[in-house]
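For reference, the structure discussed in these notes is given below.
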Amino acid sequence: MATPESIALAQQMYVAYYGRPADPDGLAFWADQFDQSDDLTAALNAFGESEEFVNNFGDLSSEQLVTKLYQQMFNREPEEDG
């Protein structure tokens, strides 16, 4: 069984990258992966290169992408200085 910390991290990744909660199978898979290693490199690459991410964000400029991610993660626009 995955730890609560790994479950929370997996859920955060889904919200950040996809703007939605994790599906049960995806949540279980990624939470188990996070329990096995604290190296997030593979997870970040997998989420960022996934078909869902590319379909939703692949055509955005860097500025548009950052704005969209801020909206998904923080429910607000990024600050101009940020």
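Quick check on the stretch 48-63: of everything there that is part of a helix (DSSP H, G or I) and over 16 Å from Y18 (Cβ atoms), which residue is most open to solvent (accessible area, probe 1.4 Å)? Quick ask: steps written out before the conclusion?
Initially, the stretch 48-63 is screened for residues part of a helix (DSSP H, G or I), giving 48-49, 51-57, 62-63.
So of that shortlist, the ones also over 16 Å from Y18 (Cβ atoms) come out as 62-63.
Numbers: S62: 96, E63: 145 Å².
The extreme case among them is E63.
Could you please give the count of residues in the stretch 1-22 that are open to solvent by 60 Å² or more (accessible area, probe 1.4 Å) and outside any helix (DSSP H, G or I)?
So the count comes out to 3.
Does the stretch 24-42 contain any residue that is open to solvent by less than 70 Å² (accessible area, probe 1.4 Å) and at positive phi?
No: the stretch 24-42 contains no residue that is open to solvent by less than 70 Å² (accessible area, probe 1.4 Å) and at positive phi.
Check off (1) open to solvent by 50 Å² or more (accessible area, probe 1.4 Å); (2) part of a helix (DSSP H, G or I); (3) over 20 Å from P4 (Cα atoms) for L69 and give me the number that stays unchecked.
All conditions pass for L69, except number (1).
Yes or no: D32 part of a loop (DSSP other than H, G, I, E, B) and either over 18 Å from A2 (Cα atoms) or of a type in the set (D, E, K, R) (or both)? Walk me through how you get there before you give the answer.
On the way: part of a loop (DSSP other than H, G, I, E, B): no; either over 18 Å from A2 (Cα atoms) or of a type in the set (D, E, K, R) (or both): yes.
Considered against the rule, which asks whether it is part of a loop (DSSP other than H, G, I, E, B) and either over 18 Å from A2 (Cα atoms) or of a type in the set (D, E, K, R) (or both), D32 comes out as no.
For residues in the stretch 8-55 being of a type in the set (S, T, N, Q) and closer than 23 Å to K68 by Cα, which is farthest from the chain's Cα centre (by Cα)?
Quick first cut of the stretch 8-55, residues of a type in the set (S, T, N, Q) only: 11-12, 33, 36-37, 41, 45, 50, 55.
Narrowing further to those that are closer than 23 Å to K68 by Cα: 11-12, 41, 45, 50, 55.
On the way: Q11: 8, Q12: 6, T41: 12, N45: 10, S50: 11, N55: 14 Å.
Result: N55.
The values are calculated or read from the model by the stated rules, or taken from the named source; none is laboratory data. Quick caveat, the model's predicted, so the values are computed rather than measured. A quick note on method: Cβ atoms are made from the backbone with ideal geometry, for glycine too, and the neighbour counts reach across all protein chains shown. The area values use the complete protein model at the heavy-atom level, side chains included, leaving out ligands, DNA and RNA. Shrake-Rupley method; radii C 1.70, N 1.55, O 1.52, S 1.80 Å.
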